[in-house]
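Below is one structure, written out as structure tokens, with a few remarks after it.
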Amino acid sequence: MAGLAVNVDHIATIREARKADYPDPVTAAMLAELAGADGIVVHLREDRRHIQDRDVRILRKVVQTKLILEMACTSEMVGIALDVKPDLVTLVPESREEVTTEGGLDLIIHNRSIGETIAALQNSGIPVSVFIDPESEQIRLAHKINANMIEIHTGVFCDAISQTAKTQAFNKIVDAAKLAHKLRLGVNAGHGICYNTIKAFKGLWEIDEFSIGHSIISRAVMSGMEKAVREMVSLIKELNKE
Ligand code: PXP
């Protein structure tokens, strides 16, 4: 059965919108684990727009399932990973201008530098996944440069509007998952998966784990909204009591 790794970046996005102390992604991670998550994911970005170094270090101490660190292939991030020792590093492309990770790593162009990063992390006992588009050449290269796992970028499928585009994109995911599994790579999948698009993955048993953030955090905000307002209304009512 596939697992679920919950990405708590956007709890930190809400916190950083006010540069406040709350909501804390560490607390959210604990609640996610209580609810049955198989892992916690954070993306420590170069610009620190959401997750901060402090979050990663505290999570390392308190996460009981597994801590997955998403990061760009830079010497700063490699240094942090070697120090923090997450249970898995997922290497992702990163650009400052993007709203979120926009596509997979291009292993055709960057196979040498990514291969060196994989080796450096693995030498310290940290397994490495590479976030790539569902393309056979990328998967074969991931295998060649010794990645432990791939994470298939599901964004094109999740964002597709027409049924034809959806079907085409999903077929690529299926082929990618099967090829990676055949090459004995672990197979994760993520980006843009919501309560609707997850249903398409029924029967695709080659996927080991889904990495999901935005839709879960969005649902958490909405399902908690009514309770949160009631609590504030009740505190305001208390103000008017003698
Ligand atoms: N996997 C990777 C590599 C990502 O960069 C992200 C977004 O941070 C996710 C999964 C989760 O995507 P979403 O927030 O759309 O569920």
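Coordinate-derived values only; no laboratory data. These numbers come from a predicted model, not from an experiment. Cβ sites come from the backbone with ideal geometry, for glycine too, and all protein chains shown count toward neighbours.
What number, in percent, do you get for the relative contact order of the range 24-64 if the mean sequence gap of Cα pairs under 8 Å and at least 6 apart is divided by its residue count? Write out the running numbers ahead of the final one.
On the way: 22 pairs, mean separation 17.5, N = 41.
Over the range 24-64, the number comes to 43 percent.
Hey, what number do you get for the chain at 222 nm if only DSSP H runs of n ≥ 4 count, each worth -39500 (n - 2.57), divided across all residues, to the nearest 500? It would help to have the intermediate numbers written out before the result.
Working: 9 runs with 117 residues, N = 242.
One gets -15500 deg cm²/dmol as the mean residue ellipticity at 222 nm.
For the chain, how many pairs of lysine residues have a Cα-Cα distance under 14 Å, where the two are 8 or more positions apart or belong to different chains?
4
What's the extension gain from S113 to M225 if we count 0.36 nm per residue and subtract their Cα-Cα distance? Before the final figure, lay out each step's value.
Values: separation 112, 0.36 × 112 = 40.32 nm, distance 4.53 nm.
Going from the current span to full extension adds 35.8 nm.
If you average 1/r over all unlike Cα pairs in the range 138-231 and invert the result, what Kirkwood radius do you get in angstrom? Walk me through the intermediate numbers first.
Working: mean 1/r = 0.0683 Å⁻¹.
That comes to 14.7 Å for the range 138-231.
Using a Gaussian network model of the chain whose springs link C-alpha atoms within less than 10 Å, name the residue from L91, L121, L183 with the highest mean-square fluctuation.
It is L183.
Using Cα springs under 10 Å in a Gaussian network model of the chain, which residue among T117, T100, T27 shows the largest mean-square fluctuation?
Most flexible of the set in this elastic network: T100.
In percent, how large is the relative contact order of the chain, given Cα pairs closer than 8 Å and 6 or more residues apart? List each step's numbers first, then the result.
Numbers: 396 pairs, mean separation 41.6, N = 242.
Taking the mean separation of contacting Cα pairs over the length of the chain, I get 17 percent.
Dividing the convex hull volume of the Cα atoms of the range 1-130 by its residue count, what figure in Å³ per residue is obtained? List each step's numbers first, then the result.
Details: hull volume 15.0 nm³, N = 130.
Considering the Cα atoms of the range 1-130, their hull volume per residue is 116 Å³.
Run the quick spin-label model on E238 and L204: label points 7 Å from Cα toward the beta carbon, then report their separation in nm to one decimal.
For E238 paired with L204, the spin-label model returns 4.8 nm.
Between K182 and K144, what is 0.36 nm times their sequence separation minus the Cα-Cα distance? Round to one decimal in nm.
Stretched fully, the K182-K144 segment lengthens by 12.3 nm.
Quick check: convex hull of the Cα atoms in the chain, volume per residue, rounded to a whole Å³?
146
Which of V41, V130, V84 moves most in a GNM of the chain, Cα contacts under 10 Å?
Maximum among the listed residues: V84.
Once you keep just the Cα pairs under 8 angstrom separated by 6 or more residues, what percentage relative contact order results for the range 154-194?
Numbers: 28 pairs, mean separation 22.8, N = 41.
It comes to 56 percent, rounded to a whole number.
Once you have all Cα-Cα distances for the range 158-200, histogram them in 10 Å bins from zero and send the whole-percent values.
Taking all Cα pairs of the range 158-200, the binned fractions are 25, 51, 22, 1 percent.
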